[in-house]
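Right, one structure below, let's go through it.
The values are calculated or read from the model by the stated rules, or taken from the named source; none is laboratory data. The structure displayed is predicted, hence computed values, not measured ones. As a convention, Cβ positions derive from the backbone with ideal geometry for all residues, glycine included, and neighbour counts pool all protein chains shown. Protein only, heavy atoms only, side chains kept; ligands, DNA and RNA dropped before computing areas. Shrake-Rupley method; radii C 1.70, N 1.55, O 1.52, S 1.80 Å.
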Amino acid sequence: MSLHIESRGAGAPLLLIHGWGMHCGIWGNVVTHLAQHFRVHCVDLPGYGASSIIAQYDLDGLVQRLSEYWYAEHGDEPLALCGWSLGGQIALRWALHASHQIDKLVLVATTPSFVQRSDWECAMAANTLHEFSVALLENHALTLKRFIALQVRGSEHERELLTDLRARLFSRGEPNIAALRGGLEILRNTDLRAVLPQITQATLVIAGERDVLALPAASRYLEQQLPNAQLFNIKGASHAPFLSHPDIFVQRIEAFLNG
């Protein structure tokens, strides 16, 4: 099973992990700017872009595939992870599963639980995610387009961002339907709140103040529960701050990773 990773730049390694429905091309010009300071690796998660699907499509299965790949290619060299949305949950799980591999974490528009639970209200309603699952079976292309519209809702330059995201969405082919369904199951079932105090790596939490998918309250919770975390809110940003506010996004990551 192949895992497609693109690498640019030189310096300390930084791996970028995209979110549900996307591929590594979603990072855009951010990669070029980060590669001026770091050795940037951009991964297509299994079932997306040029990466093959895996049999065990759950959070642990994804982490195991990434962890094994990194060890096979780079041995025990520690790296920093930057995970966006679902990619942030993968980064958190990886930091817990193989803490010796992970030096620092950058969590972008991430939440420990994407759906509401009896004691967790700062998330989307469970039936909203269920509706996406049902719609995915009927028309996955249309469902993905609806989802990216939610990602930019309320952001500055919302119309331009939506046009940009739509252009990138299928630029590397359509994702595997099993990967899409498996990813929604991860979003539905994952609740990392209980393990956050065990994740001790230095962490930068980047939040969009207008995010309707990973609510700002969830970002504050991450800052409070992770032992070595700091929170940075980007004003005017929603769920994709690296696209809407790339300059401040890169500057903040650079300062954090070099600090």
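What to note about this one:
- Euclidean distance of C-alpha centroids, the range 61-123 and the range 139-157, integer Å: 24
- Evaluated at q = 0.08, 0.09, 0.17 Å⁻¹: base-10 log I(q)/I(0), Debye formula over Cα of the range 12-166: -0.25, -0.32, -1.15
- Rg over Rh [alpha-carbon atoms, Kirkwood Rh] for the range 106-160: 1.02
- Nitroxide proxy distance, nm - points 7 Å out along Cα→Cβ at Arg146 and Asn258: 4.4
- Most mobile listed residue (Arg93, Arg117, Arg188) in the chain, GNM with C-alpha springs under 10 Å: Arg117
- Relative to the globular-protein estimate of 2.2 N^0.38 Å, the Cα radius of gyration of the range 130-219 stands at 1.27.
- Normalised by 2.2 N^0.38 Å, where N counts its residues, the alpha-carbon radius of gyration of the chain equals 0.91.
- The percentage of C-alpha pairs in the range 19-82 whose separation is greater than 18 Å is 44%.
- The slack between Ser7 and Gln225, meaning 0.36 nm per residue of separation minus the straight C-alpha distance, is 75.2 nm.
- Residues of the range 154-187 with amide N under 16 Å of a point placed 7 Å along Cα→Cβ from Lys235: 155-157
- Of the accessible area of the range 23-90, computed with a 1.4 Å probe over protein heavy atoms only, carbon and sulfur atoms account for 44 percent.
- For the chain, cysteines whose Cβ has no other cysteine Cβ within reach (under 4.7 Å): Cys82, Cys122
- Rolling a 1.4 Å probe over the heavy atoms of the protein chains gives the chain an accessible area of 41 Å² per residue.
- Per-residue extension of 0.36 nm, minus the Cα-Cα distance of His97 and His74, leaves a gain of 6.5 nm for this segment.
- Put simply, the convex hull of the Cα atoms in the range 105-259 casts, on average, a shadow of 9.5 nm².
- Using just its DSSP H runs of length 4 or more, each adding -39500 (n - 2.57), the chain gives a mean residue ellipticity at 222 nm of -13000 deg cm²/dmol after division by all residues.
- At 1.002 mPa s and 20 °C, Stokes D of the range 63-122 from Kirkwood alpha-carbon radius, µm² per second: 174
- Gyration tensor verdict on the range 174-259 (Cα atoms; rounded if a/c is under 1.5, prolate if a/b is larger than b/c, oblate otherwise): oblate
- A simple spin-label model places pseudo-atoms 7 Å from Cα toward Cβ; at Cys122 and Asn139 they are separated by 3.6 nm.
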